[in-house]
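**Q** Take this structure first; my questions come after.
The values are calculated or read from the model by the stated rules, or taken from the named source; none is laboratory data. These numbers were taken from a predicted model, which means no experiment stands behind them. Cβ sites come from the backbone with ideal geometry, for glycine too, and all protein chains shown count toward neighbours. Remember, those area values only see protein heavy atoms, side chains included, never the ligands or the DNA or RNA. Shrake-Rupley method; radii C 1.70, N 1.55, O 1.52, S 1.80 Å.
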Amino acid sequence: MAINKQNVKIHVEHLKKNFGKLEVLKDISTDIYEGEVVVIIGPSGSGKSTFLRCMNRLEEITGGTVIVDGCDITDKKTDINKVRENVGMVFQHFNLFGNMNVLRNLTLAPVDLKKADKQTAQARAMKLLARVGLEDKAQAYPAQLSGGQKQRVAIARALAMNPDIMLFDEPTSALDPEMVGEVLEVMKELAREGMTMVIVTHEMGFAREVADRVLFMDGGYIVEEGTPEEVFSNPQNARTKDFLNKVL
Amino acid sequence: MLRILNTYGNLLLAAMGQTLLLALCGLFFACIIGLIVGLMSVVKNKPCNILARLFVDLIRGVPMIVLAYFIYFGMPYLLNNIMGIGGVTLTALQAGTICLALNCGAYMAEIIRAGIESVDRGQMEAARSLGMPYWRAMQRVVLPQAIRTMIPSIINQFIITLKDTSILSVIGFPELVNTAKNVVANTFMSFQTWAIVAVMYLVVITLLSRVARSMERRLKSGH
């Protein structure tokens, strides 16, 4: 699906984030368009995850502006919960609700936030579970699932809110190697369907394959960005070259 | 021993009833105080955190017997004689309930705080990322998981509180220890009387622990 350059889904301008005295994000500006798949790479501690978590304000933003779907989330008056309903997030450690079975994990937020009645939410949840290949696990509890299965459920849970944007925070980093593939498959499928996605990952092969744009971050800045071809095959910045030499 | 049981058995049983009544009243309010103060110490709000900390430190730093005297004698004196608001009196049950509620509430607050903090931060974040408001997420996701780890400590605290009712004999509440003192004063049979009282406590607390353990088991096996 094509990227719609007319529609900026996430606008980031001079974003700054400090943890106490530590400046994690120094000055980040970028636009993410509808249908675009943006992959953020970079060494650990470069601020990739923090940047991602600023996009739904899981981290309080120190300075600058972040506008998601037309809502300025740095403005205290913005109802952040309403914005988050439209921005799905998938975490490194899955964070499935341990006190609920898989089906309840998927229906809790839609039903609680009155996005759907119970029947509709359950029907939709079953469809999503089928899509990630886990319809037989609807009644299972998170503790009974493998890592790959947990992460696929977590993706389905985020999709259950019918979001426009999906954020992925190192979704395969906590997985055993043999389970990485099944999760990446689901993400590729989503990308093909035209979901706007921002992905922090160390899977360079995956980045190369699905990204429309790759951002390389280091030291709290976006140091380099471009198509996967440009960034991976012909990096311009010395730090990008150095990083890619180490990981490829 | 039989003579005591024949003559004072019903009296002691009634006193045990008073002990249980006092414990229940105290625990009821202790749960409310514990939940409120416990939540106050985990929310992202400095004044709330400090207030909760102060309350817990204050109550934990004062022996319960002092607290009992203070509430039963000190508070009415303060209100009536120092502040001049006349006619304030507390019954022993009221004072005892306040005393237990404050004391047990402070410990419950700590149990609840620790329970909530034992739930992985990611649970709250995941719920928030779906658009759920803080208190909704707390109620639906975090608290149900926290309660599971809290149950053994809460039951332990219940047992301690039940035993602590005996301290309130000092403000004249007719619970088991206070009543037993009167029985001893009448009969001089202190060995027999205190043995009976000890067994009575033992039976009630053992029963309570049994119930607690089966509850704990059910919570662990089921979801």
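**Q** Which one of these is under 24 Å from A:Gly194 (Cα atoms) and more than 9 Å from every other protein chain (Cβ to nearest Cβ): A:Val111, A:Val102, A:Val37? Before the answer, list the steps.
**A** Values: A:Val111 fails: under 24 Å from A:Gly194 (Cα atoms); A:Val102 fails: under 24 Å from A:Gly194 (Cα atoms).
So the residue among A:Val111, A:Val102, A:Val37 that is under 24 Å from A:Gly194 (Cα atoms) and more than 9 Å from every other protein chain (Cβ to nearest Cβ) is A:Val37.
**Q** So A:Glu13 passes all but one of these: (1) within 18 Å of the chain's Cα centre (by Cα); (2) at pLDDT 95 or above. Which condition number does it fail?
**A** (1)
**Q** Can I ask one more? Inside segment A:114-144, can you point out the residues that are within 11 Å of chain B (Cβ to nearest Cβ) and open to solvent by less than 40 Å² (accessible area, probe 1.4 Å)?
**A** A:Ala140, A:Pro142
**Q** So, one more: Hey, can you tell me all the residues within segment B:85-119 that are open to solvent by less than 60 Å² (accessible area, probe 1.4 Å) and either among the acidic types (Asp, Glu) or at positive phi (or both)?
**A** B:Glu110
**Q** Spot the failing condition for B:Val37; the list is (1) of a type in the set (Val, Ile, Thr); (2) farther than 19 Å from B:Lys181 by Cβ; (3) touching a Leu at 6+ places or on another chain (Cβ under 7 Å), and only one is missed.
**A** (3) is the only condition that B:Val37 fails.
**Q** Test of understanding: among A:Ser44, A:Ser29, which residue is modelled with pLDDT of 95 or more, surrounded by fewer than 19 Cβ atoms within 10 Å (Cβ to Cβ) and not charged (D, E, K, R)?
**A** Working: A:Ser44 fails: modelled with pLDDT of 95 or more.
Going through A:Ser44, A:Ser29 in turn, the sole match is A:Ser29.
**Q** A further question follows. So which helices (runs of 4 or more DSSP H) stay within segment A:147-218 end to end and still have 1 or more residues that are open to solvent by 40 Å² or more (accessible area, probe 1.4 Å) and within 14 Å of another protein chain (Cβ to nearest Cβ)?
**A** Details: elements: A:147-159, A:177-192, A:204-210.
Where helices (runs of 4 or more DSSP H) fall fully within segment A:147-218 and carry at least 1 residues being open to solvent by 40 Å² or more (accessible area, probe 1.4 Å) and within 14 Å of another protein chain (Cβ to nearest Cβ), they are A:147-159.
**Q** I've got another one for you. In segment A:7-62, how many are among the small types (Gly, Ala, Ser) and not in a loop (DSSP other than H, G, I, E, B)?
**A** From segment A:7-62, those among the small types (Gly, Ala, Ser) are A:20, A:29, A:35, A:42, A:44-47, A:49; that's our starting set.
If we keep only those that are not in a loop (DSSP other than H, G, I, E, B) as well, we get A:29, A:49.
Total meeting the criteria: 2.
**Q** Within segment B:129-153, which residues are within 20 Å of the chain's Cα centre (by Cα), surrounded by fewer than 19 Cβ atoms within 10 Å (Cβ to Cβ) and closer than 15 Å to B:Val42 by Cβ? Working first, answer last.
**A** Filtering segment B:129-153 for residues within 20 Å of the chain's Cα centre (by Cα) gives B:146-153.
Pick out the ones that are also surrounded by fewer than 19 Cβ atoms within 10 Å (Cβ to Cβ) and you get B:147-149, B:151-153.
Within segment B:129-153, B:Ile147, B:Thr149 qualify.
**Q** Return the total of residues in segment A:64-84 being assigned to a strand (DSSP E or B) and either more than 22 Å from A:Thr201 (Cβ to Cβ) or open to solvent by 20 Å² or more (accessible area, probe 1.4 Å) (or both). Before you say what the answer is, go through the steps one by one.
**A** Here is the first cut: in segment A:64-84, the ones assigned to a strand (DSSP E or B) are A:64-68, A:71-72.
Filter once more, keeping what is either more than 22 Å from A:Thr201 (Cβ to Cβ) or open to solvent by 20 Å² or more (accessible area, probe 1.4 Å) (or both): A:64-65, A:67, A:71-72.
Going through segment A:64-84 one residue at a time, the tally reaches 5.
**Q** If you don't mind, another one. Just name the residue that is nearest to the other protein chains (Cβ to nearest Cβ) out of those in segment A:85-98 that are buried (at least 21 other Cβ atoms within 10 Å of the Cβ) and in a loop (DSSP other than H, G, I, E, B).
**A** Top of the filtered list is A:Asn95.
**Q** Could you tell me whether any residue of segment A:115-122 is touching a Pro at 6+ places or on another chain (Cβ under 8 Å) and within 24 Å of A:Leu52 (Cα to Cα)?
**A** no
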